[in-house]
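*Asks:* The structure that follows is given in the form of structure tokens.
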Amino acid sequence: MLATGKPLDRVDGRLKVTGAARYTAEWEVPGLAYGAIVDSAIAHGTVSSIDVGAAKRAPGVLAVLTHENAPRLQPIPEKVGETQFRGEGGITETRQPLQNAAVEYAGQPLAVVVADTLERARYAATLVRVSYAEQAPQLAMATAGRKTRPESFLGNNQEKLQVTIGDPTAALAAAPVKLERVYESAITHHNPIEQLATIARWEKRNGADFLTLYDTTRGLEVLQEVMATSLGLPKESVHVICPFVGGAFGAKGWLFAPPLLTAMAARVVGRPVKIEWRRQDMFAVAGKRAATRQTLALGATREGKLTALRHDTQTHSSISSGYTEPCARVTRMMYAVPNIGFAHELAHLHLPSPCPMRGPGETVGGWALECALDELATELNLDPVELRLRNYAERNPETGKPWSSKQLRECYARGKALIGWDKRNPKPRSMREGSQLIGYGMATTMYPAGRREAEARATLFADGRALVQSATHELGNGAYTIFRQISADALALPVERVRFELGDSSLPKAPTSGGSTTTATVGPAAQAAARAVLAALTDLAVRDAQSPLFGAAAEAVEAREGRLVLKANPAKGEEYGAILRRAQRPSLVATAGAKPGEEKEKYSFYSFGAVFAQVRVDEASGSIRVARLCAVYDVGRLMNPKTAHSQLIGGIAMGLGATLMEATHYDPRNGRAVVRNLADYHVPSMADTPDIAVEWLNIPDPHISELGARGIGEIGCVGTPAAITNAVFHATGQRLRSLPLTPDKLMRV
Amino acid sequence: MHPFQYQRADSAEQAVATVTKNPAATFIAGGTSHVDLLKEGVYRPGLLVDVSALPLRQITAHEGGLRIGAGVSNTAAAASAEVRQRYPAVSEALLAGASVQIRNVASMAGNPLQRTRCPYFRDPTQACNKREPGSGCAALEGYNHVHALFGASAACVATHPSDVAVALAALDARVQTLGPKGPRTIAFPELHRLPGTTPHLDTILEHGELITSIDLPAFTGRSHYLKVRERASYAYALVSCAVALEMDGPNIRRARVALGSVAHKPWRATSAEAMLAGQRPTEQLFRAAADAAFAEAKPLKHNAYKVPMGRQLMVRALLETSSLQPLQGPAGTAFAASVGGVAGQVASPR
Ligand SMILES: Cc1cc2nc3c(=O)[nH]c(=O)nc-3n(C[C@H](O)[C@H](O)[C@H](O)COP(=O)(O)OP(=O)(O)OC[C@H]3O[C@@H](n4cnc5c(N)ncnc54)[C@H](O)[C@@H]3O)c2cc1C
Ligand code: SF4
């Protein structure tokens, strides 16, 4: 009986609900001091003076770090692994904290006050007086002084940002039906429940500096490398620990000022230091999804065959980051269109740096595309699903490669049945209930099915238990649970006998948990390690004269239910523990890695899905409520339907938030985030979230890995915004082209 | 946060005396509003005098109406059968506000004394005359999506965010206080003030003046509260409206209408009230009254949406209170008050 595919309860669920799971800010470190941040009130200029006198004299204060006295840092690396860090299209903010007097965004950290208690540190921080030589900030994309056109996303050659396939301009000109629309989306913030936090502790090991960091990170190794480079240490001298992350959604991976400030503060005071960021600060230092202005141009025949597709995005980043929201990610691959063009223009503004956020590019770029398609369906008087079927892509239109596996037609069909699509009156503004207008909408959804390289270590113990370890992350995604399931199957042990450990940079390497790749990446590594340790055990057994397997060829032996047995005669064999005990080995360890192979060149890997929404619109007040959401996904084989269901509905709820309510505004003059709390920045409440019917086809991807599993962390967020927006059109006859669809938007039209 | 002293008051008199003689002292009740502002660095009091343990937690019959003690929790007030049946607008407004956890500790005196949600007020680096007199008003030329349509000044365009205050204003509740100069009664519509040149003062209460109860006068008509917000629950109003209607046969004898989140105080639509008195309720009449109420609205750059939204909401509140249209949910519940309702199934789409 396999453990994978079973709805195992979260193995860390009890720890989490009882408060026993230890999050970063909760580690007890002896001698801890506390840091508090003074941030910039202006968006552009320089600090002309910074008066720390009163703060230094305040009770309990150990030090005040500013750009004048903070330790010097080396520059952020050009690249880490395959990921481009610096320059246009790079992922991170390259300004290092407290290195000079320049101010590039409001909320930028300008000083760290360290004291013996958190309260004293925060109080003393209010005593720091900063004077500025202010300059006019650039805060609007339209008027930005510096605009660029980044070549590729994160330096990835497979992901160019300025692309022309065929001749979209000519094809548009010649198209019998044309449509051009502008869609705008607001800045949104990840707002995980757990705020950023770091504890840094320096010590001497063998006479050299050694740094231990507890940090809210979903990228142990990247953080280790950036810290080492910035602080001028060998990578091995930095140890990062994070067994639990309280939500990330794209944050907590690619912006490094918070841990760097903590490490600098700890170095200066010669004590371990903790900096816990406040919710207010999360709107400046934790990343965000940038706003976009997207122009979609579609050309089609009267029969609804797309002949041309253009998707031009304007978005923004900070002064020192080149991160570009890759809005054409869906456009480039979803439909069989001979002529596709897309471009990205990046405005550098005096605003905090953006970074990926659940479905980067897909969520808002897919929204614009799928809304434009809905508009075309209306124009052609075609059913929106039918329009998509007429343009169904049998291969990736950009690369010409076949899909690894695609069952999107089934998703459409099942989604239609679930929502009752054919029972609706397709005419806009034709359905009501009481005073409310009712509407149905749909959208196609997708997510790239990535896989990366990872390693794992498996240990068998003489008592019959096993431990598998890899430096991946538990973000609330269920990593502890599914990797235990995968490991148990590979070890042929029941799940209760297997533990899985993660969250420590000293474990075998795994990449940053992002891009919905963790299952497809770490799962095969856990399998490989399990097999390696079983091979070593087999080796022991067949050489052991007292073993029933003595003398057997390794190939003739297999693992079954905690025993090594002869394939030809499974009754002949023995338990793992017996072999180890006889060999007087308390345990046996093996490490192994797994990475994608040439299948990556042969196939185009994507997950697909179809989302259907039903909404109720109270037009007089502009209030939109989602009545139902039905989504059907083709995401490969599921490792655990229970954790998968949570990931998918969580993604959908986040997509719902981006559609109906989430937005951050920066002050048009001084660039400070106006709303900085969760009472006024709205994420969906239970009352905004309907029953969400999620189904999956559960068809293994035959090429991605032996597990057949693709990632599911982000696909729920993608597609949902367009399904809801299109449903609002069907309800009201009004096209709303600006996210979020707050009540004021219906008042204006 | 700045260091402060904390003291629990044993009696109302002692609380008043302690705060009166210390300019840096303030009262604290449930703390749901106050503590946030301490943490934001907006408040820097020297002494907090906790009034939550004072014996002001009863709801009693009073002069044909009800006396609600200052310390009664928002939850207890909303759940009181007397309040719910006789003054459903009060229960509806309370239940459509905050969350159940907050309402469990929030007090009836603290609620109308909460401060504005103007986001600039909550960021000590921004100019704000309400927080720091003379520093300017960042919202005036800034992002003023949630700001005022009526009664604002160049010094401050903030709105008052309390839901229940709107219902209390429509019902002409009375506020009983004990101040440095002894007890007094304040008509609820007079409690809050317009910003003028002194927006740091939300109310006419003096330093050290303690609210002891909120009294609902005898009332035999119907009352109702409606609220529009950006999410279905746990969000402040974009616009709200409370109506108290008393009928004389088929005609309206007296109508009181208060609008919420459109001014520095609950905004009584007096011109509309005058138009409604003595008339037979019809949609046309209500539309004319709403037009009159919003005729003097002065929208800012980002809040013009509140004009059509408020007008429509007022018409609807009048229609529902006068039974020309059904309530959206049982009277006295959050469902009756919440425009748009909650997410979920449509019963029978047609
Ligand atoms: C996240 C969040 C969401 C919210 N949403 C809503 C909403 O949608 N609608 C809504 O209406 N409200 C909302 N609220 C506000 C909430 O209703 C108020 O915070 C609460 O009612 C205040 O009551 P309290 O007893 O906690 O007051 P406190 O915070 O203790 O005090 C508030 C003020 O009243 C003063 N005070 C308290 N008692 C007395 C007294 N007896 N006499 C004189 N002065 C006194 C204090 O000095 C202080 O200035 C929300 C609050 C939060 C935190
Ligand atoms: S509107 Fe009032 S509260 Fe808001 S910034 Fe201006 S003065 Fe301050």
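*Asks:* Looking at B:THR212, B:THR203, B:THR185, can you tell me which residue is more than 16 Å from ligand 2 (Cβ to nearest atom), of a type in the set (S, T, N, Q) and in contact with a helix residue (DSSP H, G or I) (Cβ under 9 Å, 6 or more places away or on another chain)? Please lay out each step first, then the result.
*Replies:* Details: B:THR203 fails: more than 16 Å from ligand 2 (Cβ to nearest atom); B:THR185 fails: in contact with a helix residue (DSSP H, G or I) (Cβ under 9 Å, 6 or more places away or on another chain).
The conditions single out B:THR212.
*Asks:* In the range B:210-221, which residues are touching a residue at least 60 places away in the same chain (Cβ under 8 Å) and over 19 Å from the mean Cα position of the chain (by Cα)?
*Replies:* Those that are touching a residue at least 60 places away in the same chain (Cβ under 8 Å) and over 19 Å from the mean Cα position of the chain (by Cα): B:ALA218, B:PHE219.
*Asks:* Within the range A:697-713, is there a residue that is at the interface with another protein chain (Cβ under 10 Å from one of its Cβ atoms), touching a residue at least 60 places away in the same chain (Cβ under 8 Å) and not aliphatic (A, V, I, L, M)? Break it down into steps so the answer makes sense when it comes.
*Replies:* Here is the first cut: in the range A:697-713, the residues at the interface with another protein chain (Cβ under 10 Å from one of its Cβ atoms) are none.
Among the residues of the range A:697-713, not one is at the interface with another protein chain (Cβ under 10 Å from one of its Cβ atoms), touching a residue at least 60 places away in the same chain (Cβ under 8 Å) and not aliphatic (A, V, I, L, M), which makes the answer no.
*Asks:* Residues that are more than 14 Å from every other protein chain (Cβ to nearest Cβ) and within 28 Å of the chain's Cα centre (by Cα): which strands (runs of 3 or more DSSP E) entirely in the range A:74-179 hold 1 or more of them?
*Replies:* Working: elements: A:109-115, A:129-134, A:163-165.
Output list reads A:163-165.
*Asks:* Among the listed residues B:GLY136, B:GLY151, B:GLY142, identify the single one that is more than 9 Å from ligand 2 (Cβ to nearest atom), farther than 23 Å from B:ALA89 by Cα and either modelled with pLDDT of 95 or more or crowded, with 24+ Cβ neighbours inside 10 Å (or both). Step through it out loud before you land on a result.
*Replies:* Values: B:GLY136 fails: more than 9 Å from ligand 2 (Cβ to nearest atom); B:GLY142 fails: more than 9 Å from ligand 2 (Cβ to nearest atom).
Criteria check complete, one pass: B:GLY151.
*Asks:* If I filter the range B:106-128 for residues that are away from ligand 1 (no atom under 14 Å from the Cβ) and away from every other protein chain (no Cβ under 13 Å), do I get at least one hit?
*Replies:* No; the residues of the range B:106-128 include none that is away from ligand 1 (no atom under 14 Å from the Cβ) and away from every other protein chain (no Cβ under 13 Å).
Residue by residue, here is whether (1) at positive phi; (2) in contact (Cβ under 8 Å) with a residue 60 or more places away in the chain; (3) out of contact with any helix residue (DSSP H, G or I) (no Cβ under 8 Å at 6 or more places or on another chain) holds:
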site	(1), (2), (3)
A:ALA102	no, no, yes
A:TYR105	no, yes, no
A:VAL113	no, yes, no
A:GLU119	no, no, yes
A:ALA125	no, yes, no
A:VAL128	no, yes, no
A:TYR132	no, yes, yes
A:GLN138	no, yes, yes
A:ARG149	no, yes, yes
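*Asks:* Could you tell me which of the residues A:LYS416, A:LYS406 is in a helix (DSSP H, G or I) and either more than 14 Å from chain B (Cβ to nearest Cβ) or within 19 Å of A:LEU179 (Cα to Cα) (or both)?
*Replies:* Working: A:LYS406 fails: in a helix (DSSP H, G or I).
So the residue among A:LYS416, A:LYS406 that is in a helix (DSSP H, G or I) and either more than 14 Å from chain B (Cβ to nearest Cβ) or within 19 Å of A:LEU179 (Cα to Cα) (or both) is A:LYS416.
*Asks:* Can you tell me which residue within the range B:309-320, out of those that are more than 8 Å from chain A (Cβ to nearest Cβ) and touching a residue at least 60 places away in the same chain (Cβ under 8 Å), is surrounded by the fewest Cβ atoms within 10 Å (Cβ to Cβ)?
*Replies:* Only one residue fits best here, namely B:GLU320.
*Asks:* Would you kindly identify the strands (runs of 3 or more DSSP E) lying entirely within the range A:247-355 that contain at least 3 residues that are of a type in the set (Ser, Thr, Tyr) and under 27 Å from the mean Cα position of the chain (by Cα)?
*Replies:* Numbers: elements: A:273-276, A:292-300, A:306-317, A:339-348.
Passing ranges, in order: A:306-317.
Per-residue answers, yes or no, for (1) facing another protein chain (nearest Cβ under 9 Å); (2) within 30 Å of A:TRP421 (Cα to Cα):
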{"site": "B:ALA290", "(1), (2)": "no, no"}
{"site": "B:ALA295", "(1), (2)": "no, no"}
{"site": "B:LYS298", "(1), (2)": "no, no"}
{"site": "B:VAL307", "(1), (2)": "yes, no"}
{"site": "B:SER322", "(1), (2)": "no, no"}
{"site": "B:THR333", "(1), (2)": "no, no"}
{"site": "B:ALA337", "(1), (2)": "no, no"}
{"site": "B:GLY341", "(1), (2)": "yes, yes"}
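*Asks:* What about B:ILE211, is it buried (at least 19 other Cβ atoms within 10 Å of the Cβ), within 15 Å of ligand 1 (Cβ to nearest atom) and modelled with pLDDT of 95 or more? Quick ask: steps written out before the conclusion?
*Replies:* Details: buried (at least 19 other Cβ atoms within 10 Å of the Cβ): yes; within 15 Å of ligand 1 (Cβ to nearest atom): yes; modelled with pLDDT of 95 or more: yes.
Yes.
*Asks:* Ok, one more. Name the single residue that is nearest to ligand 1 (Cβ to nearest atom) among those in the range B:214-268 being within 16 Å of B:ALA337 (Cβ to Cβ), in a loop (DSSP other than H, G, I, E, B) and not polar (S, T, N, Q).
*Replies:* B:TYR236
*Asks:* Here's something else I'd like to know. State which residue is farthest from B:PRO299 (Cα to Cα) when the search covers only the range B:126-179 and only residues that are assigned to a loop (DSSP other than H, G, I, E, B) and of a type in the set (Val, Ile, Thr). Give the steps one after another, and end with the answer.
*Replies:* Residues of the range B:126-179 that are assigned to a loop (DSSP other than H, G, I, E, B), as a first pass: B:126-127, B:129-136, B:138-152, B:154-155, B:157-163, B:171-173.
Next, from what is left, pick out any that are of a type in the set (Val, Ile, Thr): B:146, B:157, B:159.
Working: B:VAL146: 11, B:VAL157: 10, B:THR159: 13 Å.
Among residues in the range B:126-179 that are assigned to a loop (DSSP other than H, G, I, E, B) and of a type in the set (Val, Ile, Thr), the one farthest from B:PRO299 (Cα to Cα) is B:THR159.
*Asks:* So A:VAL683 fits all but one of (1) within 14 Å of chain B (Cβ to nearest Cβ); (2) buried (at least 22 other Cβ atoms within 10 Å of the Cβ); what number is the exception?
*Replies:* (2)
*Asks:* Moving on to the next point. So, of the residues in the range A:615-640 that are of a type in the set (Ser, Thr, Tyr) and more than 22 Å from A:GLY713 (Cβ to Cβ), which turns out to be nearest to the other protein chains (Cβ to nearest Cβ)? Working first, answer last.
*Replies:* Residues of the range A:615-640 that are of a type in the set (Ser, Thr, Tyr), as a first pass: A:621, A:623, A:633.
Okay, now just the ones that are also more than 22 Å from A:GLY713 (Cβ to Cβ), so A:621, A:623.
On the way: A:SER621: 4, A:SER623: 3 Å.
Applying the filter and picking the extreme gives A:SER623.
*Asks:* Hey, another quick one. Which residue pairs have Cβ atoms closer than 8 Å, lie 6 or more positions apart in sequence or on different chains, and pair a first residue in the range B:125-153 that is in contact (Cβ under 8 Å) with a residue 60 or more places away in the chain with a second residue that is within 16 Å of ligand 1 (Cβ to nearest atom) and among the β-branched types (Val, Ile, Thr)?
*Replies:* Within 8 Å, the pairs are B:LYS130/B:THR116; B:ARG131/B:VAL42; B:VAL146/B:THR159; B:HIS147/B:THR159; B:ALA148/B:THR159; B:ALA148/B:VAL262; B:LEU149/B:VAL262; B:PHE150/B:VAL262.
*Asks:* Could you check, for the range B:78-93, whether at least one of its residues is modelled with pLDDT of 95 or more, surrounded by fewer than 21 Cβ atoms within 10 Å (Cβ to Cβ), β-branched (Val, Ile, Thr) and more than 9 Å from ligand 1 (Cβ to nearest atom)?
*Replies:* Within the range B:78-93 (the criterion being modelled with pLDDT of 95 or more, surrounded by fewer than 21 Cβ atoms within 10 Å (Cβ to Cβ), β-branched (Val, Ile, Thr) and more than 9 Å from ligand 1 (Cβ to nearest atom)), the answer is no, since none of the residues qualifies.
The values are calculated or read from the model by the stated rules, or taken from the named source; none is laboratory data. All values derive from a computational prediction rather than experimental measurement. Counting neighbours? That spans all protein chains shown, and the Cβs are built from the backbone with ideal geometry, glycine included.
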